[in-house]
Each structure stands twice: as structure tokens, then as C-alpha cells.
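Comments concern the structure below.
Nothing in this text is a laboratory measurement; each read-out follows from the coordinates by a stated rule. Not measured: the values here are computed from a predicted model. Cβ atoms come from the backbone with ideal geometry, glycine included; neighbour counts cover every protein chain shown.
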There are 2 protein chains.
Amino acid sequence: MNDKKLGGRTYALSQPPVILSGGNAVGKKEGQGPLAGTFDHIDHDDTFGQDSWEKAESAMQRLALNNALGKAGLKAGELDLLFAGDLLNQCIGSSFAARDLGVPFLGLYGACSTMGEGLLLAAMALDGGFGRWAAAAASSHFCTAERQYRTPLEYGGQRAPTAQWTVTGAGAVVLAREGRGPRITHVTPGRIVDLKIRDTNNMGAAMAPAAYDTISAHLKDTGRAPADYDLIVTGDLGFLGHELLLELLRRDGSDLSSNSTDCGMLIFRREEQDVHCGGSGCGCCASVLTGHLLDGLARGTWSRILFCPTGALHSPTSAMQGESIPGICHAVAIETDRPDGR
Amino acid sequence: MNDKKLGGRTYALSQPPVILSGGNAVGKKEGQGPLAGTFDHIDHDDTFGQDSWEKAESAMQRLALNNALGKAGLKAGELDLLFAGDLLNQCIGSSFAARDLGVPFLGLYGACSTMGEGLLLAAMALDGGFGRWAAAAASSHFCTAERQYRTPLEYGGQRAPTAQWTVTGAGAVVLAREGRGPRITHVTPGRIVDLKIRDTNNMGAAMAPAAYDTISAHLKDTGRAPADYDLIVTGDLGFLGHELLLELLRRDGSDLSSNSTDCGMLIFRREEQDVHCGGSGCGCCASVLTGHLLDGLARGTWSRILFCPTGALHSPTSAMQGESIPGICHAVAIETDRPDGR
């Protein structure tokens, strides 16, 4: 078999897997934002009927996967592989969500890049001949993240202007080797990039160099120009991180100002919802992809997007030990043949 | 392309990737055990020259990868993909180990099954046409695990008889699409199995049902009998968990008593080293594979082994919230054509 590598670190899939469906579930605040109409389930109190925030996150991720499976007309047991991850210590959001499914499970940790990593690996598996149906899922929950990464919710900590708001949301995508829908045509796995940013209240700055590294590599490897994509959408750089990404690309003569955005900029109303630099968390780009982006591909708003989730691969322990924040970004090209996305 | 699935959830690789090399690094206690002669580096004080245990774990994992790369005659920059994981919150052991390598990085969380998950995904990627060289790495460190999962080291907590000792060790394997060496011929990704064990001091019991589930599936899917393998080796069930696995298989009429073992039973001298039920941690099976097992394959002691790392997908938070311990086990068949393993 020929290597599918185009050069650099981008691969062209030989029989691009199809995105059969996307499903999601989000919290109350996300349901009050501009993308409310694109979510399958908006919880009224963010508990998802559970008695702890961690159990709520698992219930939410399971709901997102069930929603995706329902739209694809599949049962969980028909999935050949499930790739999933989240931000919780030991990724319990995902493992408890998948505990009763009886599906081959590959746990991921890519921080907020997880949806990109999962899509990339699921697409590679199907294109490599490993199964017919695979799913990728990711989640984050404001209340689990705050108490794990920052302070107890009751503490009411003051937020820095550069901080982002962790999205309470989960998204799941069902991929198939055959079928109709947008296809994953290229994948560019990310390298770890660390420009020594140490401010854990400024993740956008820590992750922007990784996004720049992967997007640049993808464009170079594929020989594509930024304008070849209708939309280049990063994961959760937020307003500041996205501005830094544009600046880094501008230095190379690439102008993405007219056809790029960031999921963290889309999911909330910045001023009215008091989110400072925007949304973040694995669930941010997972819920925006499975709502707003897949809807736009189906509607013909875009026919070719580059989905680039970003992650910060640090921990409270590494930060307390004075370490900087390593970033990563995985890119996945999603394309439709026809404007209606079928 | 034809699906490589044999049925059930086992895949036969079409051009089985080659294990070019394995490298490892371990701590002082491991270097005093029966497998001492199979380790590339034994640290004299478990710090690996670093000023925190977490940094020590990252340094150890990087050392293991460098040792594997050196034996394969490759530079890190030649790797197309690196799959890595560990037990630390947010998997910082791996991300900080890979921070400066400039290699496409896929972070995994599979608890102590991580080496199996990484080998499985790396083999699938190469067999699918994604790159020429891929590596899988995993680590654990007694001192990072104790203070994260249990109590501060200084507390000197009493250990239960069913407890295992977290191995200070890391292992890395370099795989290639072409070359000489043992080959990964089949992979069986694991499902999550939870028989409601709640005792976090008895991980063997929590993980044994997952090992039973995956080994049974592998044998059924491939049509192989236990005796078709020279060795069926689980990850870190320890003495009690391995006994439970044998019992579960015996009920189905499968007798693995003569050709199975567990990495957690091999790495320490049970009585003299005061490890109760044996070794555990991602680094346990990673260092045993890259030392004892690959050595035995090269020497012709075995020509066909089934490597079955097991993981417990819980966290201190899930345990404190009264949850049971979900287990998982991934199986990877490794075979040599000739007794000398070339």
C-alpha cells in the first residue's frame, strides 16, 4: 500500500470517510447563546439529572453520542470503534459515559484538541480498513472544570480579562466508510509547540502558536491557499488567541481575516454573557462542530472547512511547578461535493 | 479496500507492522527485581536528575523513547506519529516528555492499558498507510502516583494485602511498515467492563473481567486456541487478578495456567520486595514488554505472544463519589517468523 502522506505531516485519505451525523448536548448558558438553535439538547440546570457535576458531564456526553447515533440510524453496538476524551483527571467524563455501551473504546487525552484528535484517528481507522462505523466524542463542563482547575464554584473567583469560559457541552460525530454526507479528506496531526507562555489565565496565547504551526503545515503540505477553504475554524483560541493566530499568519503573507473564526468566539455573546475572551473546553468545538458547522455544511453555507481544535497540554500541577503551557492543534479537512452537503 | 475485521472486534493487519525496537528506563526498586538485566537504564534515586517527581517521570519517558529510537537507528524527527500516555492528571508525563521533539503527537488515556492502546493504534496507522515509522510510549512513577491517587509519600500509608506497587518505569516501542523483527499481526481493542468492584485497593479484581472479555473475544474472533500462543501476558492484574482471570477462563473450558503470566507478577520479587499483589501502572507492562518480552521474542523463547495490557478507568473523584471501577483490556498479537526473532 502506498503511503497516504502528502509530505510534511498531512495525509490524504484514499476513501474519505463520511460524517454520517453529529449530535450534541449543552448547558443552560450555551443554550442562551447565539448558537442555541443548533443544539439537540439544552439542559435546564446543567445537572443532566445527576447528583454530581462529574456524573452530569458523563450523562451529557452519553446524550450527545446517543443523539448522533439516532440521527445516523445506528445502535451503539454497531460502532466498531469509539474515540473519546475530556478534561477531567483520568478522563472519567468519557469512560463513565461509555461504560455501559459495550463498544471498543479508545480513550484520548488531547485537552481541548480532543475532538480533532478523535476525528483524525477515527477517519484514519476507517480509511485503513478497520471497521465500518466509528465515533468520536468529547465533552467539558464548566462546573467540573472550575473546581478541578481553579477554585471551588462557591469561592466566586474573579476572572482575568484574558480568561475564557469553559463550555458545558458535548459533541459526538459518527463516521462511516460509506454513505452520504460531508467527508474527511485530509488530516494533519499536531506537534507540541511551547513558546513558554506561563499565564494559565491566557490559554489563547499559549495555544495560538500551535494553531499557526499546524495550519501552516497543512497549507504547505496540501499546496492549498487559505482561500481554498470557505472557513478555517480553530477550536477555542478565543478572541485574543485568534487575533494572535492571524498576526502570526500575516507575517508569512497569509491573510485569514476574511475566512477564519474560532469556536470560542461563536458560542457565546461576548459582552452580554460576560465570557471575557470567549468559550473554551473540549466541549466548545465539539458542540460547535456538531451544531453550527455541520448545519452550515448541510445547508451549503460552506463546502470546504478546515477544523482545527487546539489544546493546552498542561495541568494544575505542572503550572504550580513553574512549567510553561505546551499547546497542540490537530487539523481535519471536511468537504462536501455538493452545496446541499449530501 | 476490504475490511480487516475478522469478526467480533479483532482485526488482522494486512501488512503487519514490525517492532523495530523497544527502549525503557526504570527506577531503583525495579532495578533490584528479577528483570534488572532487561532494562536500558536504572536510575539510582528515581529522580532522573529532576527536581520534582512529575518532571522525573517525563524525563524517564523521554529516556525510554530515546533508547528505543537509538536501537532503531532513527531520530525523533523521523517519526511520523507518536502515541503516548500516562497516569498523571492531564497526562503531563507524556506531553512534557514529547514537548521538544517536534513529532506529531497523539495523547492517550487508557490508564494501565495505555501501552496496548498505543501499540494497537500505531500498528493500525502504519497498516492503514499513514506514515512509515510510529512509536508508542507509556510511563508511571511510584512517587507521582502515590501522591496523586493515595496519600503524600511522607504519610507512610499502610498498604492492603490486595494492593499493588506502582512501577517506576517507562517503555517505548518503535514500529515500522517495513523491516525485520517481530510483527503485530492482530489487534483486539477493548470494551469497558464494570462488574461493580469498588475497592480501589484491589485493582486486579476490577480489571480481570475486562481481560477475560478481550482475551475470550480475541480467541473466538481469530479461531485460535490458548495453546496457539506461547505466552498470553496481561498488563498488571497482579497475582490476585491473574488468578481471577484464570478462573473466569476455566469456566469456559479454557486453561491458560501453563502459558500465561502477568507483567505485574514478573517485575518484582513478591516477598522480598514487599509488593503484596505485584506491580502495576502504565510503566509496568511497558517496561516488561520492551525488556523481558521483546528479549524473549528475539531469543526465540517465544515466537507468538498475546500482549494484553489492562487498565482501570476510574479516578479518585469517581471513587469518592461512590462509583465502581470500570476496566478495559486491549490485546495485541506479536509474532516472529523465525526463532531468532529476525
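Helices in chain A that qualify as membrane-span-like (whole DSSP H runs, Cα extent of at least 24 Å along the helix axis, mean Kyte-Doolittle hydropathy of -1.0 or higher) are A:53-72, A:203-222.
Roughly how many debye, to the nearest 20, is the charge dipole of segment A:1-159 about its Cα centre, given +1 on each Lys and Arg Cβ, -1 on each Asp and Glu Cβ, and no other charges?
With only Lys, Arg, Asp and Glu charged at Cβ, the dipole is about 380 debye.
Going from the fewest other Cβ atoms within 10 Å to the most, the residues A:Ser287, A:Ser254, A:Ser14 appear in the order A:Ser14, A:Ser254, A:Ser287.
Which of rounded, prolate, oblate describes segment A:144-297, given a ≥ b ≥ c as roots of the alpha-carbon gyration tensor eigenvalues and a/c under 1.5 marking rounded, otherwise prolate only if a/b is larger than b/c? In terms of gyration-tensor shape, oblate.
What you get for segment B:191-342, charging only the Cβ of Lys and Arg (+1) and of Asp and Glu (-1), is a dipole of about 220 debye around the Cα centre.
Have a look at A:Arg62, A:Arg183, A:Arg299 and tell me which one the Gaussian network model of chain A (Cα, springs below 10 Å) gives the largest fluctuation. Top of the fluctuation ranking is A:Arg299. A DSSP coil position with no more than 11 other Cβ atoms inside 10 Å describes the following GluC sites (Glu not before Pro) in segment A:146-200: A:Glu178. The helix-based estimate of mean residue ellipticity at 222 nm for the protein assembly as shown, built from -39,500 (n - 2.57) per DSSP H run of four or more residues and divided by its residue count, is -9000 deg cm²/dmol to the nearest 500. Residues A:Glu78, B:Glu30, B:Glu57, ranked from the fewest to the most other C-beta atoms within 10 Å, line up as A:Glu78, B:Glu30, B:Glu57.
Kindly identify segment A:147-231 as rounded, prolate or oblate by the Cα gyration tensor criterion: order the square roots of the eigenvalues as a ≥ b ≥ c, call it rounded if a/c is under 1.5, otherwise compare a/b with b/c, prolate if a/b is larger, else oblate. Provide the component values of the computation, followed by the final result.
Values: a/c = 2.96, a/b = 1.57, b/c = 1.88.
Note, shape of segment A:147-231 comes out oblate.
Compactness of the protein assembly as shown, taken as the C-alpha radius of gyration over 2.2 N^0.38 Å, stands at 0.88.
Cα centroid separation, segment A:280-342 to segment B:207-244: 38 Å. For A:Leu175, nonlocal amide neighbours, meaning residues 5 or more places apart or on other chains whose placed amide H falls under 5 Å from its own, are A:Leu20, A:Ala134, A:Ala135, A:Ala136.
Are there GluC sites (Glu not before Pro) in segment A:245-342 that DSSP marks as loop and that have at most 16 other Cβ atoms within 10 Å, and which are they? Qualifying residues, ordered by number: A:Glu271, A:Glu272. Put in order of Cβ neighbour count within 10 Å, fewest first, the listed residues B:Met320, B:Met265 become B:Met320, B:Met265.
Remind me, relative contact order of chain B in percent, using alpha carbon pairs under 8 angstrom and six or more residues apart?
Numbers: 927 pairs, mean separation 82.4, N = 342.
24 percent.
When chain B is treated as a Gaussian network with alpha carbon springs shorter than 10 Å, the biggest mean-square fluctuation among B:Ile184, B:Ile267, B:Ile197 belongs to B:Ile197.
How shielded is A:128-137 by partner chains, expressed as the average number of their Cβ atoms within 10 Å of its Cβ atoms?
Details: counts 12, 13, 13, 7, 2, 0, 0, 0, 0, 0.
Counting other chains' Cβ atoms within 10 Å and averaging over A:128-137 gives 5.
Classification of segment B:15-176 by its C-alpha gyration tensor yields a prolate form. The axis ratio a/c (a ≥ b ≥ c) is 1.5 or more, and a/b outweighs b/c. Inter-chain neighbour count for A:50-62: the average number of beta-carbon atoms from partner chains within 10 Å of each residue's beta-carbon is 2. Using a Gaussian network model of chain B in which every pair of alpha carbons under 10 angstrom is joined by a spring, one finds that among B:Gln158, B:Gln32, B:Gln321 the greatest mean-square fluctuation is at B:Gln158.
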